[in-house]
Amino acid sequence: MIRSIRPTDLPRLASLNRRGLVNEAYSRRDLTQPRRSLSLGMVLSHWLALEENRQTWVNVERRRIDGLISARHEGNAWEIDRLVVEPDAEPRLVQRLLSYLTAVGGEVGIQKLYLRLPAMSELVEAARGAGFLLYNAETLYVRTVPVPPVRKSSLPPGVRPKASHDLQSLFQLYCAAVPLAVRQAEAMTLSEWQQLRLRTRSALRRKELVAEREGQLVGWLQLEWRGTAGYLELLALPDFPDIVDTLLDVGLMLQGGRAPWYCLVAEHEARLAHALGERGFQPEASFCALVKQLSMRVKQPRLVPVPG
């Protein structure tokens, strides 16, 4: 039986902890975290904290929890960030958990479910059996050696801080730089893209820069800081490959001597992967990004009486 998690489930969850089960799902917020076994601390901080934007369900058989799934609510989408099952669990259990999430999400108006798994995870095929589509392959790059901080250095010509009026131009850059299949999974409209940006942001300390050529926005760089670690994200028009090098060098200049630095690179971003390798980044982990589009209830127009 699949149901919502309850505070009374703590003893059963302690059993999961003793069995050393590992979380297989990764959100963008915790890509750099090693695969961790389910602990009571994780349960208390994440699932029993009554977060408004989090939902968690467990599969209970014979008074024993043998599966857990948790998702964060971001706009009209859910991102699955916890998927915990026995190492030898049947694919049917994973498919049941994902199908249950699909049914509940459809009832509350969720349009998409996102799931990121390690590339070699046996759960990838189980997820595809539950209707999830593999839409991207990703590699996490890391640089562990800091760049000596620069005291004072101006931005190169054509590079400036992002302004509020850049919104539409940034969306056009996204549309030109990202393949159609990925955009169909992530964002096809300006509104969906804005929600995507909110979903992928994970830190309060952030700096965004844009690059222009002859009045056209051709590149974008985002830097985020959490503790001593930094995270960068970059987009550039294919016709301007040198912008990748320019923005990466600016990012490393601004990183302030921090280490490590991380960058998640999609399979269509070969130029970015090459540039990272030239600057001391190494691939650390590979992931499969999956999505499931949920059917939406459409309200049928109908005539209603008008009060006299």
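Every number here is computed from the coordinates shown, using simple stated rules; none is lab data. For clarity, every value in this text was computed on a predicted model and none was experimentally measured. Methodologically, a virtual Cβ is constructed for each residue, glycine included, from the backbone with ideal geometry; neighbour enumeration extends over all protein chains shown.
What the table below lists for this structure:
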| read-out | value |
| --- | --- |
| Charge dipole (debye, nearest 20) of segment 175-245; +1 at Cβ of Lys and Arg, -1 at Cβ of Asp and Glu | 480 |
| Stretch gain in nm, segment V22-L198, where the contour uses 0.36 nm per residue and the Cα spacing is subtracted | 60.6 nm |
| Sequence of C175, C288 once ranked by neighbouring C-beta atoms within 10 Å, starting from the fewest | C175, C288 |
| P(r) histogram, all alpha-carbon pairs of segment 146-279 included - 10 Å bins from 0, percent | 11, 44, 37, 7, 0 |
| Ranked list, fewest to most other Cβ atoms within 10 Å of each Cβ, for Y141, Y100 | Y100, Y141 |
| Positive-end extreme of charge dipole, segment 146-279 - chosen from A229, L180, L198 (charges on Cβ) | A229 |
| Label-point separation in nm, H274 to L10, each point 7 Å along Cα→Cβ | 5.6 |
| Ranked list, fewest to most other Cβ atoms within 10 Å of each Cβ, for I5, I80 | I5, I80 |
| Estimated distance in nm for a label pair at Q168 and T32, the labels positioned 7 Å out from Cα along Cα-to-Cβ | 3.6 |
| Furthest towards positive pole of dipole, G129, L113, G75, structure part segment 68-171, Cβ charges | G75 |
| Using a Förster distance of 41 Å, the FRET efficiency for Q282-Q216 (Cβ separation, nearest 0.05) | 0.75 |
| Contour minus Cα-Cα distance for E107 and K207 (0.36 nm per residue) | 32.2 nm |
